[in-house]
Amino acid sequence: MRSNVAAFEMRAPRSLGEVLDLMAAEPGAWRPFAGGTDLMVLFEAGKLDHRRYLSIWQLGELRGISATPEAVTLGSLTTYTDVLRHETLSREFPLLAEAARNTGGIATQNRGTLGGNIVNGSPAADTPPALLVYDAELELVSARGMRRLPYREFHTGYKQMQLAPDELLARIHLRRDTARFRQYYRKVGTRRAQAISKVCLAGLMDQAGDEVRIALASVAPVPLRCVRTEAAIVEGRDPLASLAAEISPIDDIRSVAAYRSRVAQNLLREFLYGG
Amino acid sequence: MQRTGCGIPRYPDRNMTVVGKAVPRKEGREKVTGKARYVDDLKFPGMIYGATVRSPVPRGRIHDIRFGPGIPWDEFTIVRARDIPGANHVSLILDDQPCLAQRAVNHAEEPVVLLAHSDRYLLEEARRAVTIEIEPLPAIFTIEESLARRHIIWGEENVFKRFRVEKGNVDAVWDTADIIVEGEYTTGAQEQLYIENNGMIAIASPEAGVTVWGSMQCPYYIHKALKPIFRLGDDQVRVIQTETGGGFGGKEEYPSMIAAHAALLAWTSGRPVKLIYDRAEDMVATTKRHPSRTRHRTAVSRDGKLLAMDISFVIDGGAYATLSAVVLSRGTIHAAGPYDCPNVRIRSQAVATNAPPHGAFRGFGAPQSIFALERHMDKVAAAVGLTPEEFRRRNFLRKGRTTATGQVIREEIDLPALMDRALAESDYHARRERYAVENRTGAVKRGIGFAAFMHGAGFTGSGERYLQSVVGIEATADGRARILASSTEIGQGTNTILTQIAAEALGLPYEQVEIAQPDTSEVPNSGPTVASRTCMVVGKLVESAARGLRQTLSEYTAGTFADVVRAHIERYGPLRSYSRYEAPPGIFWDDEDYQGDAYGAYAWAVYVAEVSVDTITYEARVENFLALQEVGRVIHPVLASGQIEGGVVQAIGYALYENVVWRDGRMANSQMTNYIIPTTADVPPIRVVFEEIPYAYGPMGAKGIGELPMDGPAPAIVNALENATGLPITGIPVTPESLMQRMEAAHA
Amino acid sequence: MHRVSIRMTINGESHTVETWPMTRLLDVLREDLALTGTKEGCGEGECGACSVILDGRLVNSCLVPALQADGARITTIEGVATPELHALQRAFVECGGAQCGICTPGMIMASLSLLEQNPQPTEEEIRNGLAGNLCRCTGYIRIFDAVRQGAVR
């Protein structure tokens, strides 16, 4: 444990309103803390720069999954376990369930949240590719009010996002229009379980081949929706070459760019043609 | 003192009541209830915490140590090299490794300053606030750089040790050989990754001497190392083993370093000091398996008979000598394997680099040289146009034939039959045929491969004689027998099997026999818990000490064991029977020429691995595994199988998953999230099968098996990978990235 | 920064601890409450040696800040035997599921959590349920046996 625990502050306000007021009073002074599966790792490594946290784990307002005929709405504190236990989600949004199943082990799934996975901003996160191809919509709240944002506009650069210092991700909306798609999700990690992804591809394609959505993790500074490759597929141009040009993987501690690029293309080929 | 060697005990096969049975693990209840006490579970009154400040560069001259602002340094205990009361080295084979670096550092993470404070969190801040000013010097990181000798970083030539084994006349063969096959094979470093990090607690003062408690394999190694550091005698140093959460060799020599550090802080502060590493520190700073490079040049006749083997075996020892000479020794002796070859030359070297010293890890040089050998044997087989199994069949050792060191095989080992059984039980031929057809289509390629090998138990050659191990058994007035030995339980089952052996030999129920916690003030030195020797060598001493006890009590004919012991104690006082090691007769070893009987006994094995390779992701997986071995006698079927299964999975990691990423001589992936060991989702079904040819000088016939399972899986897996992909892979770990590179190169 | 008062029910007993809000639950258990059965193996939520059951869910206690455990019901390894060994604990001893024992408390908590959700798991489900608990000694084979045996009894 490499941090000086005494130097850190955390409060657990009883209501969302209280949290938002505190975040508004001193923008940037307080940061939200959900399940801790990312932040605590940094904390223990002595790499958590920020010192003051508001626990949001206890806020019922940010939990729960509700459904209308048009949409499913997930509270940002929805855990991976919550996703796996929800019948409608597993049936209509299997890629999200697959992402949840592939994240960490059971203990991580019980504490990790979708909100945390999104806001942590890692390009290797497991749920973003699924959320991107599902065209998820985010609901952000602050003391100033509420706004909705297409998720594909959220990540603007490495660990940069459309989130003001006084804003909190409250809900994720998914449109229930996935029945017409063939769906694909494949994560390639360092081992079969409990692995950070080296490359991950999520894909949706309708029967006619007119509509295709492709998103990848670990091939760019952000979770990437590959619109140019989608256009290439629909227009009958070389999808693999297009993908290779659209992604920008790097060498890092887990893998190398050449591997990520090649495997991304292989996954795309498997999605499009069955391998 | 009861000596061994007075008659070969004969144990009717199935009449044993304790040995051979799956009795409950001696400390099992404590382990499953959380009551077992590991070092970090202990707390002493007034105890403070220690931390180590380490070199940020792999090589350089220390110019200054600065203690930064914002820390109340007057509250801290600070120890530097100049504060060491005695010698500044951690004794092992040589004395070249400093306890704390003084003027120079030779590897990243080398310890320089020790700190202690009662506040663990403030201690961490303080650790970050110490700056070590080092003028960097050119550092070397590979075997090639070391051998090139552009920079000399150790001794005259960067060489810790050399061996040369000669059998017959290799050079006379090349000109007339039908076929010559060459190959070069490499293995990477591997982190032991015991789930319990290294840790020690020390209490020390000039008046009271030094006492340490901690996670360890070898209490008497620590005892020996601490004495010169504090200028203390045997009775002034006491080492106690706490419940130890895994070792695998990683707690063979390194604990002496951390014990010395904890003791220095305790000595200086006058308080008990707890020094526990976190995972990142343990991974970057402590020992790993030696990386290796082996070159084979093999002459073989047209009908597949080995004519000559010329082997060059080099291991990277890191910055200090530590145990590299002995790792080299074992790797060298195992380099030519279970084959009958009339002409063999093995030239081996352990060389220095500016990595943290590499050290003991299960197998200890043999997994490295056996990987190369078993890969090469498949290559030679192909060159001669024989199947891997037919080639081996024509060249296996058998009774009466000699190894590379000239050791005559004295047992009725039938390696062709062992191999045939392994291949039959794994359905090897049928699967190989089927995969050849199925691999023509489909994204997932499958393959099956095997490795044949042996592993010598006990210390090499004269090593056991040199150790002079002693074991005691005490009989108590309440009718219990208590084993006194420094051999440690580290998960492998020491407590259980030694009490089984004693119980069997004493004719007592298992529950009536116990084993003392290893404490150098209470138990004799039964040698280190390494080298697959605990069952075979120490177990034999337990057996003979027990027989000695029986003999002492044989004059009492009436009553229970308790009655008889009580009577004896009333008459004569405490009742203890000791037994000291004596080499079995007829064992000859020449240390100069490295010739003769290298080990008292070998366990023999054939392992078969089935793999799949996904050509979409280039991931290789082990899908099925068979481990067949001859082990003398199975003392405890569950524990013995557990040793094999655990070793196989560690070796699967060695072959496919465990990659140490080096940056500037430092392990960059020093987190469990980035250093990949198999999870429950990664392990194949593993079948373990034992055969028994009782070894006359092992307890009830047992040989050693702790390291055996580490030797075979990697070459079996890579042989299977070649079968699946056609790729002549020569290095491990076989990462998906390297597999992709090879596949793309092959298609180009 | 100031300390807070954390109230928890652990193995059925009430405890109140004064500590910093971000003290790891693992350290609260081990240091403040001397419940040393729960172990630290990695401090990064990878090895599962620190697993406990918190409000009915398996969690890595090295990743839970004390403040978030306020009001929680927690079961640790010390709460499993009654003091009779649980069938699962007996199975771990008999089947060889514990060797060095350091991963064992977490492994048993994860197994208990699995069996609570799924009393008759398949091998696939056992592998999945324990994928967050690393063992270096056993190779897992006998842990699978132990969970199967512990489930049956």
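The values are calculated or read from the model by the stated rules, or taken from the named source; none is laboratory data. From a predicted model like this one, the values you see are computed outputs, not experimental measurements. Neighbour counts are summed over all protein chains in view; Cβ atoms, including those assigned to glycine, are modelled from backbone coordinates with ideal geometry.
A few comments on the model shown:
- Flag if A:L243 is touching a Lys or Arg at 6+ places or on another chain (Cβ under 8 Å) and either buried (at least 18 other Cβ atoms within 10 Å of the Cβ) or not small (G, A, S) (or both): no
- There is at least one residue in segment B:365-375 that is in a helix (DSSP H, G or I), in contact with a helix residue (DSSP H, G or I) (Cβ under 6 Å, 6 or more places away or on another chain), crowded, with 24+ Cβ neighbours inside 10 Å and of a type in the set (S, T, N, Q).
- Total residues in segment B:13-65, condition under 24 Å from B:N197 (Cβ atoms), at the interface with chain C (Cβ under 9 Å from one of its Cβ atoms) and aliphatic (A, V, I, L, M): 3
- For C:A98, the test of being more than 13 Å from the chain's Cα centre (by Cα), within 14 Å of chain A (Cβ to nearest Cβ) and not in a helix (DSSP H, G or I) is failed.
- Condition check for B:V613: assigned to a loop (DSSP other than H, G, I, E, B) and outside the structural domain of B:L498 (by TED's automatic domain parsing): no
- Matching residues, segment A:220-267, being within 14 Å of chain B (Cβ to nearest Cβ), assigned to a loop (DSSP other than H, G, I, E, B), in contact with a Ser or Thr (Cβ under 7 Å, 6 or more places away or on another chain) and hydrophobic (A, V, I, L, M, F, W, C): none
- All positions within segment A:212-243 that are without any contact (Cβ under 8 Å) to a residue 24 or more places away in the chain and either closer than 15 Å to A:Q183 by Cα or in the same structural domain as A:D126 (by TED's automatic domain parsing) (or both): A:V212, A:E230
- Enumeration of residues in segment A:21-33 that are modelled with pLDDT of 95 or more and either touching a Ser or Thr at 6+ places or on another chain (Cβ under 6 Å) or in a loop (DSSP other than H, G, I, E, B) (or both): A:A29, A:W30, A:F33
- The residues of segment B:543-594 that are assigned to a strand (DSSP E or B) and either buried (at least 19 other Cβ atoms within 10 Å of the Cβ) or not charged (D, E, K, R) (or both), listed by number, are B:L575, B:S577, B:Y578, B:S579, B:W589.
- Selection status of A:R192, surrounded by fewer than 19 Cβ atoms within 10 Å (Cβ to Cβ) and basic (K, R): yes
- Given (1) hydroxyl-bearing (S, T, Y); (2) more than 11 Å from chain C (Cβ to nearest Cβ); (3) outside any helix (DSSP H, G or I), number of the condition A:T88 does not satisfy: (3)
- Only listed residue being within 22 Å of the chain's Cα centre (by Cα) and at pLDDT below 95, chosen from B:G600, B:G559, B:G586: B:G600
- Residues of segment C:65-92 that turn out to be in a helix (DSSP H, G or I), at the interface with chain B (Cβ under 7 Å from one of its Cβ atoms) and surrounded by fewer than 23 Cβ atoms within 10 Å (Cβ to Cβ), as a count: 1
- Test: residue in segment C:109-122 that is more than 7 Å from every other protein chain (Cβ to nearest Cβ), charged (D, E, K, R), assigned to a helix (DSSP H, G or I) and closer than 23 Å to C:I10 by Cβ: yes
- When residues of segment B:118-149 are limited to those that are within 14 Å of chain A (Cβ to nearest Cβ) and in a loop (DSSP other than H, G, I, E, B), the one farthest from B:A262 (Cα to Cα): B:A129
- Selected residue (only one of A:A99, A:A107 is within 22 Å of A:R191 (Cβ to Cβ), buried (at least 16 other Cβ atoms within 10 Å of the Cβ) and under 15 Å from the mean Cα position of the chain (by Cα)): A:A99
- Of the helices (runs of 4 or more DSSP H) entirely within segment B:241-340, those holding at least 3 residues that are away from chain C (no Cβ under 14 Å), out of contact with any Leu (no Cβ under 9 Å at 6 or more places or on another chain) and polar (S, T, N, Q) occupy B:324-334.
- Exactly one residue among B:A382, B:A417 is without any contact (Cβ under 8 Å) to a residue 60 or more places away in the chain, under 14 Å from B:N719 (Cα atoms) and aliphatic (A, V, I, L, M), and that residue is B:A382.
- Within segment A:174-207, being within 14 Å of chain C (Cβ to nearest Cβ) and assigned to a loop (DSSP other than H, G, I, E, B) holds for A:T190, A:R191, A:R192, A:A193, A:Q194, A:A195, A:I196.
- Within the set A:R11, A:R2, the sole residue that is over 17 Å from A:V141 (Cβ atoms), facing chain C (nearest Cβ under 10 Å) and in contact with a strand residue (DSSP E or B) (Cβ under 7 Å, 6 or more places away or on another chain) turns out to be A:R11.
- Residue in segment A:163-183 that is farthest from the chain's Cα centre (by Cα), counting only those that are of a type in the set (A, V, I, L, M) and either surrounded by fewer than 20 Cβ atoms within 10 Å (Cβ to Cβ) or within 14 Å of A:L96 (Cα to Cα) (or both): A:A179
- Filtering B:G527, B:G491 for residues that are in contact with a Cys (Cβ under 6 Å, 6 or more places away or on another chain) and either part of a loop (DSSP other than H, G, I, E, B) or in the same structural domain as B:G539 (by TED's automatic domain parsing) (or both) leaves a single hit, B:G491.
- Of the criteria (1) under 14 Å from A:G36 (Cβ atoms); (2) surrounded by 22 or more Cβ atoms within 10 Å (Cβ to Cβ); (3) within 8 Å of another protein chain (Cβ to nearest Cβ), which one C:L25 fails: (3)
- Single unsatisfied condition, C:A49 versus (1) within 10 Å of chain A (Cβ to nearest Cβ); (2) crowded, with 24+ Cβ neighbours inside 10 Å; (3) within 16 Å of the chain's Cα centre (by Cα); (4) within 29 Å of A:M10 (Cα to Cα): (1)
- Within segment B:662-687, being of a type in the set (A, V, I, L, M), under 23 Å from the mean Cα position of the chain (by Cα) and closer than 20 Å to B:Y277 by Cβ holds for B:M667, B:M672, B:I677.
- Of all residues in segment B:429-451 being touching a residue at least 24 places away in the same chain (Cβ under 8 Å) and not in a strand (DSSP E or B), the one that is farthest from B:R375 (Cα to Cα): B:A443
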